[in-house]
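The values are calculated or read from the model by the stated rules, or taken from the named source; none is laboratory data. Keep in mind that what you see is a predicted model, and the values were worked out from it rather than measured. Reconstructed Cβ throughout: ideal geometry from the backbone, glycine too, with neighbour counts over all protein chains shown.
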Amino acid sequence: MSDATTDKPMITEGPTERRLSGIALWLVMTLGLAGILLNINNLFNIQFFVGKLMIDTSYYYLLAGIFLSLVFLVYPAREFSRAGVAWYDWILFAATLVTMSYLSYNGERIVQEGWDIVAPMDATIIAGVVCALVLEAMRRVGGTLLFFISLFFFLYPLFADHMPGFLWGPSSDVETLVRQHALGTESIIGVPMRTVASLLIGFLLFGSALVATGGGEFFMTFATALMGRARGGPAKVAILSSGLFGSLSGSVISNVVTTGQMTIPTMKRVGYPPQYAAAVEACASTGGALMPPVMGAVAFIMAEYLNVSYATVMIAATVPALMFYVALLLQADCYAAKNGLKGQPASEIPPLWPAIKTGWHYLFSLILLIYMLVWVGNEAHAPFYATLVLLATSAINGWITGVNKFNVGRLLHMLDDGVKNVTNIVGILAGIGLIVGALSYTGVGGAFSRELVQFAGGNVYLLLFFGAVTSFILGMGMTVSACYIFLAVVMGPAMINAGLDPVASHLFILYWGVLSFITPPVALGAIAAATIAGSNPMQTGFLSMRLGLINFILPFLFVLNPTLILRGDTIAIIHNVSTAIIAVWLMACAFEGYLHGVGRINIVVRGILLIGAGFLLVPGLYTDIAGATAIVLAYVLGRMMPVRDEATTTPS
């Protein structure tokens, strides 16, 4: 699993893979394994270190130091550099280990003596070095734009007293600045890093184990067995497999690259245009970052900010994510019916039961993970147990069936992938911590939130509009986790103070941040899919927007009507979710120009369907009646004004 979020391709590919060899590779593996064992030691209270647990501050510094140091070995100073680890990379690696180990050793003194306010000169100098190292690590992992954003906010306290209005904050000198960022608890080792230390590493390992044991292949086979025969089957297979795999990997680009290599050519072969095939894969992969049970890094940070269990976030995110995938499946079905596209040849469809028998352990591990998250509530331990079960059952299944035999090579691949994923996320989140710290120390985050509420004048719709636009714009320049954390500080409180549900408010921010993956001009998910499909990137991006349009609407629906995130009266939840799903069906039919039971429909009927969907999305008896009336009218007019249709009208 990668950052849900991250805007880079799979980190085990490309320059980083060519870069590591020999001692550098083994050092990354060994030190990364030590970091993972340190995490396990702390979470399971093993007390391996001198019979007692490390205090939290020392633990955070040591864990961050291990993986931040690895950034300089894994990621080159210049993107796409083919050179090995340079001499200056070794210096930065050693400097990070030494300085962070110093802070870890003095963790108790840092807290007890308040070093973030007054510290010895050597500690202040080391704090400055740590800040510089974190910024360089952020540049290598997150890219130049995110580096400059982090640098601006890192320096913000130096000139905050010269800023106007709500942007004003108390000023700091350089010594105070570096002490607050490196020795305080709101910046480098703030909420983002604490989330890595308490929750994320286990889920990253589970995602790596899934990839190493052949989980991506299984989900593709499973989806093909289920839906390959249906009309437009390859598109439905792409949606289902990308949703299943993406919900566990959590990375949009990795999902596109992994599943798209198989799904996009198959869609093209049965008649889908290249841009449509690419758009389907881009949307399905983007939705994977919003689909429980894993959802990428952001969901865990969200739980930490809201001070709720991860299960609470996961349950709330379930219905909106399912509605998005239902919309995609319906649109793919309508397109196939409208254009007479068939399913895959029978010779290419694997039997369902044999597919399950050879991959039952993936489903078992997934069920175990969900059970422990929702019913047991042990979210810190759950992914480690699920990973152990997955590895054990994979070994047993491979021995019995001879398929995807688990061996030392696969174990090393899992470790390599897991270590690099943790390194990636630590490099990003440590840098994002500088943004959070600056907003916290200057008080600008709270002031911005208050000003936003006042500017909206109590108008919730205006506030949501500002939130959507801000989230979307920031999502184009930042990774989704960076965008979310920034807005959780400045936007989240404003929405909550306006009376909106806290979980719905934070999910709103997440959804709009993720949308940049399928929206031009950035549209990284669509561009990655277009590269595989050989289609025009911008055309693919705009088509992805149309296919994923429901995701532009959903955030407004569930933030204004929390029953769609399963919060509220049971009867109201059942009613509102049901009418929302019907509305999604109407929108899918309208977008594709095809109505089940009628066939092709003209612009008038499509407009009526959209109006009916709008009514059904608003809870209430009269709106339900209006929506039902629109459906009846659409069917009557659809049959009275037929459009030439050579395709079958039988729904699949």
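Which one is modelled with the highest pLDDT, of the residues in segment 26-41 that are surrounded by 16 or more Cβ atoms within 10 Å (Cβ to Cβ), over 26 Å from the mean Cα position of the chain (by Cα) and closer than 17 Å to Ser104 by Cβ? Taking the candidates together, the pick is Leu31.
Here are some residues: Met295, Met291, Met302, Met323. Which one is in contact with a helix residue (DSSP H, G or I) (Cβ under 7 Å, 6 or more places away or on another chain) and free of Cβ contacts under 8 Å to residues at least 60 places away in the same chain?
Exactly one residue qualifies, and that residue is Met291.
The residues in segment 458-501 that are more than 28 Å from Gly525 (Cβ to Cβ), polar (S, T, N, Q) and in contact with a helix residue (DSSP H, G or I) (Cβ under 7 Å, 6 or more places away or on another chain) can be counted, and the count is 1.
If a residue must be surrounded by fewer than 24 Cβ atoms within 10 Å (Cβ to Cβ), part of a helix (DSSP H, G or I) and in contact with a helix residue (DSSP H, G or I) (Cβ under 7 Å, 6 or more places away or on another chain), how many such residues does segment 52-61 contain?
Of segment 52-61, the ones surrounded by fewer than 24 Cβ atoms within 10 Å (Cβ to Cβ) are 52-59.
With part of a helix (DSSP H, G or I) added as a condition, the list becomes 56-59.
Cutting the leftovers down to in contact with a helix residue (DSSP H, G or I) (Cβ under 7 Å, 6 or more places away or on another chain) gives us 57-59.
Final tally of qualifying residues: 3.
Does segment 401-423 contain at least one residue that is outside the structural domain of Leu63 (by TED's automatic domain parsing), under 25 Å from Ala311 (Cα atoms), at pLDDT below 85 and not small (Gly, Ala, Ser)? If you could, list the steps in order and put the result at the bottom.
Step one: list which residues in segment 401-423 are outside the structural domain of Leu63 (by TED's automatic domain parsing), which gives 401-423.
Keeping just the survivors that are under 25 Å from Ala311 (Cα atoms) gives 418, 421-422.
Then drop every residue that is not at pLDDT below 85, which leaves none.
No: segment 401-423 contains no residue that is outside the structural domain of Leu63 (by TED's automatic domain parsing), under 25 Å from Ala311 (Cα atoms), at pLDDT below 85 and not small (Gly, Ala, Ser).
Residues of segment 293-312 being outside any helix (DSSP H, G or I) and surrounded by 21 or more Cβ atoms within 10 Å (Cβ to Cβ), which ones? Passing the criteria: Pro293, Val294, Met295, Gly296.
Being assigned to a helix (DSSP H, G or I) and of a type in the set (Gly, Ala, Ser) is a condition met by no residue of segment 592-605.
Exactly one residue among Ile356, Ile315, Ile367 is under 24 Å from Leu566 (Cα atoms), surrounded by fewer than 22 Cβ atoms within 10 Å (Cβ to Cβ) and not assigned by TED's automatic domain parsing to the domain that holds Leu507, and that residue is Ile367.
Residues are listed down the side, and each one gets a yes or a no for (1) more than 27 Å from the chain's Cα centre (by Cα); (2) modelled with pLDDT under 90; (3) hydroxyl-bearing (Ser, Thr, Tyr); (4) on the phi > 0 side of the Ramachandran plot:
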{"residue": "Phe159", "(1), (2), (3), (4)": "yes, no, no, no"}
{"residue": "Pro164", "(1), (2), (3), (4)": "yes, yes, no, no"}
{"residue": "Thr176", "(1), (2), (3), (4)": "yes, no, yes, no"}
{"residue": "His181", "(1), (2), (3), (4)": "no, no, no, no"}
{"residue": "Ile188", "(1), (2), (3), (4)": "no, no, no, no"}
{"residue": "Met193", "(1), (2), (3), (4)": "no, no, no, no"}
{"residue": "Val211", "(1), (2), (3), (4)": "no, yes, no, no"}
{"residue": "Glu217", "(1), (2), (3), (4)": "no, yes, no, no"}
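Looking across Phe159, Phe147, Phe154, one residue alone is touching a residue at least 60 places away in the same chain (Cβ under 8 Å), farther than 24 Å from Gly35 by Cβ and assigned to a helix (DSSP H, G or I). It is Phe154.
Within segment 588-607, which residues are of a type in the set (A, V, I, L, M) and crowded, with 23+ Cβ neighbours inside 10 Å?
Taking segment 588-607 and keeping what is of a type in the set (A, V, I, L, M), we get 588, 590, 595, 598, 601, 603-605.
Residues satisfying the conditions are Ala588, Ala590, Leu595, Ile601, Val605.
Under the condition of being assigned to a loop (DSSP other than H, G, I, E, B), in contact (Cβ under 8 Å) with a residue 40 or more places away in the chain and of a type outside the set (Val, Ile, Thr), which residue from segment 326-352 is surrounded by the most Cβ atoms within 10 Å (Cβ to Cβ)?
Kept after step one, since they are assigned to a loop (DSSP other than H, G, I, E, B), are these residues of segment 326-352: 340-345, 349-351.
Then keep just the ones that are in contact (Cβ under 8 Å) with a residue 40 or more places away in the chain; that gives 340-344, 349-351.
Next, only the ones that are of a type outside the set (Val, Ile, Thr) stay: 340-344, 350-351.
On the way: Gly340: 13, Leu341: 20, Lys342: 15, Gly343: 22, Gln344: 20, Pro350: 14, Pro351: 9.
Checking each candidate, the answer is Gly343.
Restricting Leu515, Leu487, Leu500, Leu429 to those that are in a helix (DSSP H, G or I) and modelled with pLDDT of 90 or more reduces the list to Leu429. Note on segment 79-134: among residues that are at pLDDT 95 or above, β-branched (Val, Ile, Thr) and more than 17 Å from Ala64 (Cα to Cα), the one that is surrounded by the most Cβ atoms within 10 Å (Cβ to Cβ) is Thr124.
From the list Thr393, Thr401, Thr423, Thr387, pick out the single residue that is within 28 Å of Ala299 (Cβ to Cβ), of a type in the set (S, T, N, Q) and surrounded by fewer than 20 Cβ atoms within 10 Å (Cβ to Cβ).
Values: Thr401 fails: within 28 Å of Ala299 (Cβ to Cβ); Thr423 fails: surrounded by fewer than 20 Cβ atoms within 10 Å (Cβ to Cβ); Thr387 fails: surrounded by fewer than 20 Cβ atoms within 10 Å (Cβ to Cβ).
After ruling out the rest, the residue left standing is Thr393.
Condition check for Asp333 on (1) out of contact with any Ser or Thr (no Cβ under 9 Å at 6 or more places or on another chain); (2) of a type outside the set (A, V, I, L, M, F, W, C); (3) modelled with pLDDT of 90 or more; (4) assigned by TED's automatic domain parsing to the domain that holds Lys268: one failure, at (1).
Ser104 - would you say it is under 20 Å from Ser481 (Cβ atoms) and touching a Leu at 6+ places or on another chain (Cβ under 7 Å)? So Ser104 does not fit the description; no.
Of all residues in segment 552-571, which are in a helix (DSSP H, G or I) and farther than 19 Å from Ala626 by Cβ?
First, pick out the residues of segment 552-571 that are in a helix (DSSP H, G or I): 552-560, 562-565, 570-571.
Across segment 552-571, the qualifying residues are Phe552, Leu554, Pro555, Phe556, Phe558, Val559, Pro562, Thr563, Leu564, Ile565, Thr570, Ile571.
Among the residues in segment 259-272, are any in the same structural domain as Leu322 (by TED's automatic domain parsing), crowded, with 24+ Cβ neighbours inside 10 Å and not in a helix (DSSP H, G or I)? Looking for residues that are in the same structural domain as Leu322 (by TED's automatic domain parsing), crowded, with 24+ Cβ neighbours inside 10 Å and not in a helix (DSSP H, G or I), one finds at least one in segment 259-272, hence yes.
Scanning segment 547-558 turns up at least one residue that is surrounded by 24 or more Cβ atoms within 10 Å (Cβ to Cβ) and either among the polar types (S, T, N, Q) or in the same structural domain as Ile625 (by TED's automatic domain parsing) (or both). Listed by first and then second residue, the pairs with beta-carbon distance under 7 Å, at least 6 apart or on different chains, first residue in segment 530-550 and touching a residue at least 60 places away in the same chain (Cβ under 8 Å), second among the basic types (Lys, Arg) and in a helix (DSSP H, G or I), are Ala533/Lys268.
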